[in-house]
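Heads up, the thing below is written out as structure tokens.
What follows draws every value from the coordinates through simple rules; no lab data is involved. What you see is a predicted model; the values in this text were computed from it and never measured. FYI the Cβ positions are ideal-geometry reconstructions off the backbone, even for glycines, and counts take in every protein chain you see.
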Amino acid sequence: MARSCPHQPPVPSPAERARTTAVRASGAALIAGPGTTEHADGDDGGRVTPVLHHVPASGAATLQLPADHPLVVRTRAQEYLPVMLELTDTAPLPVRQPVRGLVWIAGRVRVLPARVARRAALRIAAETADERLLDVGHSDVLLRLDPGSVVLSDAEGTGTFTPAEVAAGAPDPFVATGDAWLSHLAHAHASLLAGLARHLPPALRRPENTLVPLAVDRLGLRLRVETDRGDHDVRIGFSAPVACPRLLGAEVRRLAEVSPAATGAVQRRAAER
């Protein structure tokens, strides 16, 4: 995970970033305490990859695992099992260091009773349909993580929070659509990306360097610069907080100093998502 330049524009609060990272994370791993030595194929030691994970604002994650998994067996025997849930947020575009942020939620997991698990699966499916949920109550079970503390590490720094502090953080308006917007910017609007490059430090504005849009939030845009000597993250701040695709498009045009006619497709595409 590349670190940012020392002088940074305003960024969302640490609690807000922790909430956004947890919701946006594509990877999850359960790390159990001593005594859990068995693991599924492909897991690393005591790290267990859930079939599916769902993390609400409270941090009380729901985790789907095979009913006969050793961690499930051990949890049933102890009723509550101390664990750490690691959530990994990765870049939407290919970069050498793809991890944008990590969140660790410490707490205890328990196996949900069959009836409760079915209701939980229906709630998750209503939010994000996933055919893997059909296995709940058959070959798979659901575990619920009762969180105790939350730790964030990202390009802006680190922080430790209570679950209530994270839940109180406002979700970023682009948490669900930002990655698709970044991919579209990179693949379809080279002129915009080239215009944004003028905000890079002079030493990074070399034609042989690779420039990739890495992240976007209501306060700014983060660019990744890959050079032959390492990777660098540069944050570009917006003139004011943005909360919708129209304002986001206007801010990017302003930063890139490209005419609205040349970039109207970016705004229209973002509005459709």
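Each label point was placed 7 Å from the Cα along the Cα-to-Cβ direction; for residue 198 and residue 60 their separation is 5.1 nm.
Test of understanding: extend the Cα→C-beta vector of residue 80 to 7 Å, then name every residue of the range 106-128 with backbone N under 19 Å from that spot. In the range 106-128, the label zone of residue 80 (backbone N under 19 Å from the point 7 Å along Cα→Cβ) covers 106-113.
Roughly how big is the chain's charge dipole about its Cα centre, with Cβ charges of +1 (Lys, Arg) and -1 (Asp, Glu), in debye to the nearest 20? Working shown, then result.
Numbers: 31 positive and 29 negative charges, 149 e Å.
Dipole magnitude for the chain comes out near 720 debye.
In this structure, residue 13 and residue 110 have a Cβ-Cβ separation that, at R0 = 41 Å, corresponds to a calculated FRET efficiency of about 0.85. Placing pseudo-labels 7 Å out from each Cα toward the beta carbon at residue 187 and residue 135 gives an inter-label distance of 2.9 nm.
Assign unit charges at the C-beta atoms only (+1 for Lys and Arg, -1 for Asp and Glu), then state the dipole size of the range 46-201 relative to its Cα centre in Debye, rounded to the nearest 20. Could the numbers behind the result be given before it?
On the way: 14 positive and 15 negative charges, 63 e Å.
It comes to approximately 300 debye.
For the charge dipole of the range 76-186, defined by +1 on Lys and Arg C-beta atoms and -1 on Asp and Glu C-beta atoms about the Cα centroid, which residue among 128, 88, 161 has the Cα displaced farthest towards the positive pole? Comparing the listed Cα positions along the dipole, 128 ranks first. Using a Gaussian network model of the chain with C-alpha springs under 10 Å, which one of 217, 130, 172 is most mobile by mean-square fluctuation? The residue that fluctuates most here is 130. Our summary gives the chain a relative contact order of 20 percent, counting only alpha carbon pairs under 8 angstrom and 6 or more residues apart.
A Gaussian network model of the chain, with springs between Cα atoms under 10 Å, assigns the largest mean-square fluctuation among 230, 46, 195 to 230.
Mind pulling the per residue volume of the convex hull built on the Cα atoms of the chain? Å³ is fine.
Numbers: hull volume 38.6 nm³, N = 273.
In the chain, the Cα convex hull volume per residue is 141 Å³.
Please build a GNM for the chain, connecting alpha carbons under 10 Å apart, and tell me which residue among 242, 116, 83 fluctuates the most. In the Gaussian network model the winner is 116.
Sorted from fewest to most neighbouring beta carbons within 10 Å, what does the list 151, 212, 109 look like? Let's see the in-between values first.
On the way: 151 16, 212 20, 109 25.
Neighbour counts put them in this order, fewest first: 151, 212, 109.
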